[in-house]
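To start, the structure itself, in structure tokens.
The values are calculated or read from the model by the stated rules, or taken from the named source; none is laboratory data. Please read all numbers here as calculations on a predicted model, not as lab measurements. Ideal geometry is used to build each Cβ from the backbone, glycine not excepted, and the neighbour counts take in all protein chains shown. Keep in mind that these areas ignore ligands, DNA and RNA; they rest on the heavy atoms of the full protein, side chains included. Shrake-Rupley method; radii C 1.70, N 1.55, O 1.52, S 1.80 Å.
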Amino acid sequence: MGVGAEKKWLFALFSAAFLSFLIFVSSICGLSSSYYVFSSDKPFTSSAHHGAGHPPAFGYYIYGGRDDGDRIFRLLLAVYHPRNRYLLHIGADGMEIERRKLAAMVNSVPAFRAFGNVDVVGKPDPATYMGSTNIAAVLRAAAILLKVDRGWDWFVTLSAMDYPLITQDDLSHVFSSVRRDLNFIDHTSELGWKEGQRIEPIVVDPGIYLARRTQIFHATEKRPIPDAFRVFTGSPWIILSRSFLEFCVFGWDNLPRTLLMYVTNAMLSEEVYFHSVICNSNEFKNTTVNGDLRYMVWDNPPKMEPHFLNTSDYEGMVQSGAAFARQFAKDDPVLDMVDAKILNRGNNRVTPGGWCTGRKNWFMDPCSQWGDVNVLKPGPHVKKLTESSSKLLEEWKSQSNQCR
Ligand SMILES: *[C@@H]1O[C@H](CO)[C@@H](O)[C@H](O)[C@H]1NC(C)=O
Ligand SMILES: *[C@@H]1O[C@H](CO)[C@@H](O)[C@H](O)[C@H]1NC(C)=O
């Protein structure tokens, strides 16, 4: 073994020891709770007020795969607010040590510890590319968030490759004037080329029954387009109301369960499931706002994923009035621009909001001290988001593009 190799090995040993130390310290302080999903229902000590007459709150599900821990943590800092709830998930392809490290990072932030509103999924789920395990993981996240927190009004899905374009104070301010039963879900029943290439093929997700990671496989037969219900498809990035998710998760009507069984053998279930459930439900179809409030740029012809955004997309992102954008390469410089110009967020610090009362300077994090968490301080970027959401709400009122 050369000296260099030995040094590397020693460094690895040191890092591992330091990490174990962190985990040890946090566990003896009773702070390891965030690692296990259900142990953080310690009494909620924060003075957050929820419900009608108070600003809305959000339940965030942030997920990624192997090596995504640092990005998930950065995204968490960027979208954090004490009134919200967060569930972080590193999928089954990631390693146990990554989940522990993420939990230790979460525990290292005083506000996260004090408000106890961030959890890391301890028992991960697989997320097979294009397979139905993805929708199972989203439904599980919704179920956990419903169980652990009564306060949130909307459920938001984000991946490690996403980033916000507004502060949480902005988002909560804009959503204060949105009816809380509305769902932001981009959808259409015009399947086009997807009919033959996405909906009719029958696929099997081995993540459901095989322990080892493999790809979905295709049956040789296709199945006809259903006539017991209409298929809708659209963006997998959703902002769903609490009441609609209760409908999906508790399943007192059989529609959400029937469609779940249907999409078990469908490709990209996350682009079909909620869209079809909501538009086939008389109770909820009038609550669909046709938009996802995300900024994405597609190649022409489109590939499977939108193209990676960089600094040359910054103006377009800001002008779009979207709440979130995707996708970004890890630590792309444009994320630093968003931190500096929009979020006003320092390195390794949470995005400041009306709840932060500390003085802002280079050595002090303004959010290391806090006051009333129900006070919002929207910034200049709230204007664009107000415009874009008003436009979507106008369309919703006219019912011109709802479940069609
Ligand atoms: C939904 O909208 C349609 C068309 O305006 C209306 O007939 C129906 O009663 C509404 N359903 C609910 C549950 O409000
Ligand atoms: C940004 O992305 C576009 C499209 O992928 C590319 O053409 C351009 O060169 C990139 N710009 C920078 C500064 O990386």
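With a 1.4 Å probe and all protein chains left in place, how much of the accessible area of the chain comes from carbon and sulfur atoms, in whole percent?
Working: 10850 of 18940 Å².
Carbon and sulfur atoms account for 57 percent of the accessible area of the chain.
Taking Cα pairs under 8 Å and at least six residues apart, what relative contact order does the chain come out at, in percent?
On the way: 727 pairs, mean separation 76.0, N = 404.
Over the chain, the number comes to 19 percent.
Report, ordered by chain and residue number, the aspartates and glutamates lying within cross-link reach of LYS101, taken as a straight Cα distance under 20 Å and ignoring same-chain residues fewer than 8 apart.
ASP67, ASP68, ASP70, ASP93, ASP119, ASP125, ASP331
How much accessible area does MET105 have with a 1.4 Å probe, in Å² rounded to the nearest 10?
Counting only protein heavy atoms, MET105 exposes about 40 Å² to solvent.
Just reorder SER390, SER177 by solvent-accessible area, largest first, 1.4 Å probe, all chains present.
Working: SER390 55, SER177 100 Å².
Result, largest first: SER177, SER390.
Across bins of 10 angstrom width beginning at 0, how are the C-alpha pair distances of region 44-132 distributed, in whole percent?
Each 10 Å bin holds this share of Cα pairs: 16, 46, 27, 11, 1.
Over region 259-373, average the accessible area per residue using a 1.4 Å probe and give it in Å², no decimals. Kindly include the intermediate steps, with their values, before the conclusion.
Working: 5240 Å² over 115 residues.
Ligands and nucleic acids excluded, the result is 46 Å² per residue.
Mind checking the full-extension length gain between ASP372 and MET95? Use 0.36 nm per residue of separation minus the Cα-Cα distance, one decimal, nm.
Extending this stretch completely gives an extra 95.9 nm.
Distance cut-off 27 Å, Cα to Cα: go down the list LYS330/LYS391; LYS303/LYS330; LYS147/LYS285; LYS123/LYS147 and report the pairs above it.
Numbers: LYS330/LYS391 32 Å; LYS303/LYS330 20 Å; LYS147/LYS285 25 Å; LYS123/LYS147 17 Å.
Beyond 27 Å between Cα atoms: LYS330/LYS391.
Between region 252-315 and region 348-404, what's the alpha-carbon centroid distance in Å?
What the calculation gives is 24 Å, centre to centre.
Once ligands and nucleic acids are excluded and a 1.4 Å probe is used, how much of TRP298 is accessible, expressed in Å² to the nearest 10?
130
Taking the Cα centre of region 137-296 as the origin and placing charges on Cβ (Lys, Arg +1; Asp, Glu -1), which of VAL138, ILE208, SER177 is farthest toward the positive end of the dipole?
So the residue we want is ILE208.
Using only the alpha-carbon atoms of region 310-398, report the extent along each of the three principal axes, biggest first, to the nearest angstrom.
The principal-axis extents, from largest down, are 48, 33, 18 Å.
Per residue and in Å³, how big is the convex hull formed by the alpha-carbon atoms of the chain? Provide the component values of the computation, followed by the final result.
On the way: hull volume 69.6 nm³, N = 404.
In the chain, the Cα hull volume divided by residue count equals 172 Å³.
So what is the relative contact order of region 283-404, in percent, for Cα pairs below 8 Å that sit 6 or more residues apart?
Relative contact order, region 283-404: 28 percent.
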